[in-house]
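**Student:** Right, I'll just put the structure down here and ask away after.
The values are calculated or read from the model by the stated rules, or taken from the named source; none is laboratory data. Being a predicted model, the structure only gives us computed values, none of them experimental. Note: ideal-geometry Cβ built from the backbone for every residue, glycine included; neighbour counts use all protein chains shown. Remember, those area values only see protein heavy atoms, side chains included, never the ligands or the DNA or RNA. Shrake-Rupley method; radii C 1.70, N 1.55, O 1.52, S 1.80 Å.
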Amino acid sequence: MTFFKFMRMATVALPVSLAASATLAQDAPAPKVSIAAAYTDELLDEAIFIGKGEAIDKVDLVARVSGFVEKIHVKDGDVVSAGDLLFEIEPEVYEATLVARQADLAQAEANLRLTEVELVRKTELFERDVGTEADRDVALADNEVAKAQVEMAKAAIEQAQLDVDYTKVHAPFDGRVGRASVSVGELVGTGSASLINIVRTAPIYAEFSLSEKQLVSVMEQHDATVDELANEGKAPDVHAILPNGDELDEIGRIVFADNRIDPTTGTITLRAQFDNARGLLLDGAFLNLRISSAEPSQVLMIPQAAVQRDQRGDFVLVVGEQQTVEQRYVTLGRQVEAAVVVEDGMREGEAVIVEGLQRVRPGVEVDAVLAGQPTEEQ
């Protein structure tokens, strides 16, 4: 009996408690929030592309003759200049061959002089009707053969001299070498692996790809054809963003645009060149490349602090004329310092909440003050 009395008393007390809570909620002041207005500003349109460093010159140096490595004049990773001596392969065999070919030339020249004398003698005899025409023709042919032998000997000397020269391996251009793959005393030849690789570090290319849509946008912004994108007069500036997020303090220029869209990817390849004076761009390194429009355009911006995100996407809380909160989904562009570009979903002058977001929800009336003015915690 006591239990049922208690239940009846609790049932009566519940509406009283709810009424009291509703009264307190109505009497509670509206939460204070800080707002900022969406504003327009002039901004250069820009696009970011993923690029890759590509050396203008890079080559694996290989032996052109067979022999044992006699000397190595370079250390791994050294910076070298064009013409620097890097490796020496034993030259003795090739120097001896050169001497032999020079002796062959001397012999061929001596034989040529002999045939010339014989040709003169046989020609005189034939003209005096003492000798036969056949003897004169044989002397003439012997002379021609001797001349050919001299030319062959000279060619053999050139080949022998090349072999001697190939025993010394020089840097073909300015650059930085990698790690040597051979040691002193190792046998190398035309079929063996490379001795070392060398890469030109400055200037350097940065290769990247644009979609068809991006390509058309860049051409419209700069009033240029694909060919003119690589023309110094109309080529857009290219800025490199290094892997650590810093921007390279050099401006690159487009020096090459491919002549077709790759049908498998729907993109076209472009190549920008940078002086790379500090050597911060490396062959094979990935980086971001930024291309800006030629003229600024008007864009709508809001503080980044106003942006929230859920499963549907980015949204902001807008304070309307009646001081009530509205949730608004927006399409955002790129971030510029502490602000972000709004591409769709808002109008200039509309107020977004930047502080106090955790105290409000859509439909609630708020006490809004401009950002930067003090607000009291409730």
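**Student:** Would you call Ala305 small (Gly, Ala, Ser), buried (at least 16 other Cβ atoms within 10 Å of the Cβ) and not in a strand (DSSP E or B)?
**Tutor:** When the stated conditions are applied, Ala305 passes them.
**Student:** Let me ask something additional. Evaluate segment 242-255: report whether one residue or more is of a type in the set (A, V, I, L, M), open to solvent by 90 Å² or more (accessible area, probe 1.4 Å) and within 16 Å of the chain's Cα centre (by Cα).
**Tutor:** yes
**Student:** Within segment 134-151, track down each residue that is among the acidic types (Asp, Glu) and either in contact with a helix residue (DSSP H, G or I) (Cβ under 6 Å, 6 or more places away or on another chain) or in contact (Cβ under 8 Å) with a residue 40 or more places away in the chain (or both).
**Tutor:** Scanning segment 134-151 gives Asp135, Asp142.
**Student:** One residue is enough: does segment 214-222 have a residue meeting the conditions of a type outside the set (Asp, Glu), open to solvent by 50 Å² or more (accessible area, probe 1.4 Å) and free of Cβ contacts under 8 Å to residues at least 60 places away in the same chain?
**Tutor:** Within segment 214-222 (the criterion being of a type outside the set (Asp, Glu), open to solvent by 50 Å² or more (accessible area, probe 1.4 Å) and free of Cβ contacts under 8 Å to residues at least 60 places away in the same chain), the answer is yes, since at least one residue qualifies.
**Student:** Follow-up question, since we're still on this one. Does at least one position in segment 230-249 carry a residue that is touching a strand residue (DSSP E or B) at 6+ places or on another chain (Cβ under 7 Å), more than 19 Å from Glu54 (Cα to Cα) and β-branched (Val, Ile, Thr)?
**Tutor:** No, there is no match, as no residue in segment 230-249 is touching a strand residue (DSSP E or B) at 6+ places or on another chain (Cβ under 7 Å), more than 19 Å from Glu54 (Cα to Cα) and β-branched (Val, Ile, Thr).
**Student:** Which residue is farthest from Gly178 (Cα to Cα), if the candidates are limited to segment 70-103 and must be of a type in the set (A, V, I, L, M) and open to solvent by less than 30 Å² (accessible area, probe 1.4 Å)?
**Tutor:** Checked segment 70-103; the qualifying residue farthest from Gly178 (Cα to Cα) is Leu98.
**Student:** Only one of Ser192, Ser209 is at pLDDT below 95, open to solvent by less than 50 Å² (accessible area, probe 1.4 Å) and of a type in the set (Ser, Thr, Tyr); which?
**Tutor:** Ser192
**Student:** Restricting attention to segment 301-323, report how many residues are in contact with an Asp or Glu (Cβ under 6 Å, 6 or more places away or on another chain) and at pLDDT 90 or above.
**Tutor:** 3
**Student:** Consider Gly175 carefully, then state whether it is open to solvent by less than 80 Å² (accessible area, probe 1.4 Å) and in contact with a strand residue (DSSP E or B) (Cβ under 7 Å, 6 or more places away or on another chain).
**Tutor:** yes
Residue-by-condition table, conditions (1) β-branched (Val, Ile, Thr); (2) open to solvent by less than 70 Å² (accessible area, probe 1.4 Å); (3) in a loop (DSSP other than H, G, I, E, B):
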| position | (1), (2), (3) |
| --- | --- |
| Thr269 | yes, yes, no |
| Gly284 | no, yes, yes |
| Gln322 | no, no, yes |
| Ile353 | yes, yes, no |
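**Student:** Look through Glu295, Glu228 and report the one residue that is closer than 30 Å to Glu350 by Cα, at pLDDT below 90 and not aliphatic (A, V, I, L, M).
**Tutor:** Selected residue: Glu295, the only one of Glu295, Glu228 that is closer than 30 Å to Glu350 by Cα, at pLDDT below 90 and not aliphatic (A, V, I, L, M).
**Student:** Another question, if that's okay. Could you list, in sequence order, the residues of segment 125-144 that are exposed (fewer than 14 other Cβ atoms within 10 Å of the Cβ) and either among the hydrophobic types (A, V, I, L, M, F, W, C) or in a helix (DSSP H, G or I) (or both)?
**Tutor:** Glu127, Val130, Glu133, Ala134, Asp137, Ala141, Glu144
**Student:** Within segment 33-53, restricting attention to residues that are touching a Lys or Arg at 6+ places or on another chain (Cβ under 8 Å) and open to solvent by 50 Å² or more (accessible area, probe 1.4 Å), which residue is modelled with the lowest pLDDT?
**Tutor:** Step by step, filter segment 33-53, then rank; the result is Glu46.
**Student:** Still on this structure, I have one more. What are the pairs, 6+ residues apart or on separate chains, where a residue within segment 349-371 that is closer than 20 Å to Val330 by Cα and touching a residue at least 24 places away in the same chain (Cβ under 8 Å) has its Cβ under 7 Å from a residue that is open to solvent by less than 30 Å² (accessible area, probe 1.4 Å) and assigned to a helix (DSSP H, G or I)?
**Tutor:** Sorted first by the residue in segment 349-371, then by its partner, the pairs are Val352/Ala306; Ile353/Ala306; Val354/Ala306.
**Student:** Report yes if some residue within segment 114-128 is touching a Gly at 6+ places or on another chain (Cβ under 6 Å), modelled with pLDDT of 95 or more and either under 30 Å from Ile196 (Cα atoms) or not charged (D, E, K, R) (or both); otherwise report no.
**Tutor:** Among the residues of segment 114-128, not one is touching a Gly at 6+ places or on another chain (Cβ under 6 Å), modelled with pLDDT of 95 or more and either under 30 Å from Ile196 (Cα atoms) or not charged (D, E, K, R) (or both), which makes the answer no.
**Student:** Of all residues being over 41 Å from the mean Cα position of the chain (by Cα) and among the polar types (S, T, N, Q) in segment 147-168, which is farthest from Ala63 (Cα to Cα)? Just the residue, please.
**Tutor:** The residue in question is Gln149.
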